[in-house]
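Taking it in order: structure first as structure tokens, then the write-up.
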Amino acid sequence: MTQLGSKKSRKGCIRCKGRRVKCNEEAPCSNCVRRGEQCSLVAVASPSSASETYGRADRDETLPGSQREWLQEMELMHHFSRHVSKVALGASDQIQSLWRDVIPEEALRHPFLLHGLLALSALSLASLRPAESARYLSLCDKHQSIALAQFRAALAGEITMDVAAALFALSSCISISSMARACARVAAQPPPKAVSLDEIVEMFVLTRGVRDVIGIAHDLIIQGPLAPMFAGHEMPEAQKSRVFLPPPAQARLDELQTMLHQHCANELPNLTTCSEALRELKDIYRNCQYFNTIPGGVQSGHVVRYTTCVSPEFVSLMQNRYPPALIILAHWAVSTMVVKAAWYTTNWGVYAIEGISLVLEPCLRGWLDWPRQQMQNGMAAVLQGQNGTPSGAH
């Protein structure tokens with residue numbers, strides 16, 4: 001019997017009821033957003049009907065179901081065109097122009113991309129208006145849920161050059177949104193401000209979808225209007241043999257490798273997986289060092305590519321809270337602060353390291369001293385060769 005004064009809700013979504021888990025009853029609910037599933041609390045049109053809705057401006061069906069939703073969408077699209085597409089996204093001027101001019105045009109032909117842009121715009125507003133962040137985060141979740149559902153449907157159909165460009169643009173939106181949402185949520189909460197490990201893992205999983213889309217439609221994308229987004233994420237081949245990390249940074253990587261051999265001595269598969277992730281981390285550091293010395297500086301792609309380079313096994317180790325994997329992850333998180341021109345990476349590294357600290361055993365938290373010090377001194381050990389903390393702090 002239900003106790004007096006308590007109220008049992010029957011408004012939860014169908015998926016949560018089926019799993020017998022608590023639903024927060026938002027549209028979409030947080031459980032469906034986390035799993036990337038379509039939530040029954042959001043009335044989602046099919047991809048075909050959505051295409052008709054957005055593709056025929058002379059029909060009454062173009063209007064959303066309520067004036068309130070229509071006004072919200074107008075607000076988000078206005079903010080995207082006036083602000084999001086023009087502020088720094090941590091990319092070159094050429095890429096910035098694609099976000100300003102080309103990608104919005106693609107979105108008018110592909111509803112799933114339009115919802116992705118609206119979700120990104122909502123996140124920008126959440127960061128600019130902390131007092132209203134809850135409302136904008138809810139709008140973000142709603143549009144991202146719709147975008148993901150229609151994204152999967154589009155992947156299952158025929159992928160033409162036009163569709164491939166829109167799919168790739170949405171993948172990039174999702175990659176940005178995964179970091180931006182975590183920052184917006186944490187910024188609105190009281191201390192300790194931390195991105196949870198689950199959020200970090202989710203970001204890796206979502207961002208790796210970019211690589212999957214590239215694999216499916218690579219040949220079509222590089223022939224389309226978004227081809228420039230493929231270029232410049234790595235230093236030129238001719239430079240790779242000439243770029244060496246400063247001694248303080250190399251010494252730290254050597255310490256991490258020693259830690260792996262000690263901790264994973266009886267776990268050869270884990271040693272192999274983490275050693276590969278450490279090699280990828282070294283490449284990220286070299287990217288930061290090289291691009292920091294040339295016009296344009298370090299861009300988001302030079303750093304975020306790490307999420308698609310590490311193996312699925314490493315992501316699983318992160319998810320399972322395997323200490324060596326988390327320590328390596330913290331040493332990557334600090335590199336995001338080098339991308340100074342991207343609004344969506346602001347403080348993400350600080351929040352991520354704090355989240356990692358919360359799940360690491362106290363005896364291992366000393367390994368986070370170095371990345372925290374680098375966060376404070378602008379990653380000087382990598383960019384300037386200055387060691388901000390005694391080596392071997394662990």
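The values are calculated or read from the model by the stated rules, or taken from the named source; none is laboratory data. Predicted model only: the values in this text are computed from it and were never measured. Positions of Cβ are backbone-derived with ideal geometry, glycine not excepted, and every protein chain shown enters the neighbour counts.
For the reader, a short list of remarks on this structure follows.
- Residue identified as modelled with pLDDT under 95 and surrounded by fewer than 22 Cβ atoms within 10 Å (Cβ to Cβ) among Asn270, Asn292: Asn292
- Test: residue in segment 102-116 that is touching a Cys at 6+ places or on another chain (Cβ under 7 Å), assigned by TED's automatic domain parsing to the domain that holds Phe151 and surrounded by 24 or more Cβ atoms within 10 Å (Cβ to Cβ): yes
- Just so you know, in segment 221-252 the residues that are of a type in the set (Lys, Arg) and within 29 Å of the chain's Cα centre (by Cα) include one that is nearest to Val303 (Cα to Cα), and it is Lys240.
- Restricting Glu255, Glu199, Glu276, Glu280 to residues that are over 26 Å from the mean Cα position of the chain (by Cα) and assigned to a helix (DSSP H, G or I) narrows the list to Glu255.
- Within segment 133-165, if we keep just the residues that are of a type in the set (Val, Ile, Thr) and over 17 Å from Leu206 (Cα atoms), the residue that is surrounded by the most Cβ atoms within 10 Å (Cβ to Cβ) turns out to be Val163.
- Segment 144-171: number of residues that are farther than 25 Å from Gly301 by Cβ, assigned to a helix (DSSP H, G or I) and small (Gly, Ala, Ser): 4
- Residue match in segment 297-304 (condition: assigned to a loop (DSSP other than H, G, I, E, B), on the phi > 0 side of the Ramachandran plot and crowded, with 16+ Cβ neighbours inside 10 Å): yes
- Residues of segment 317-367 classified as touching a helix residue (DSSP H, G or I) at 6+ places or on another chain (Cβ under 9 Å) and assigned to a loop (DSSP other than H, G, I, E, B), total: 8
- Condition broken by Asp141, with the remaining ones in (1) assigned to a helix (DSSP H, G or I); (2) more than 22 Å from Ala352 (Cα to Cα); (3) of a type in the set (Asp, Glu) satisfied: (2)
- Lone unmet requirement of (1) farther than 14 Å from Ala165 by Cα; (2) of a type outside the set (A, V, I, L, M); (3) out of contact with any helix residue (DSSP H, G or I) (no Cβ under 9 Å at 6 or more places or on another chain) for Glu105: (1)
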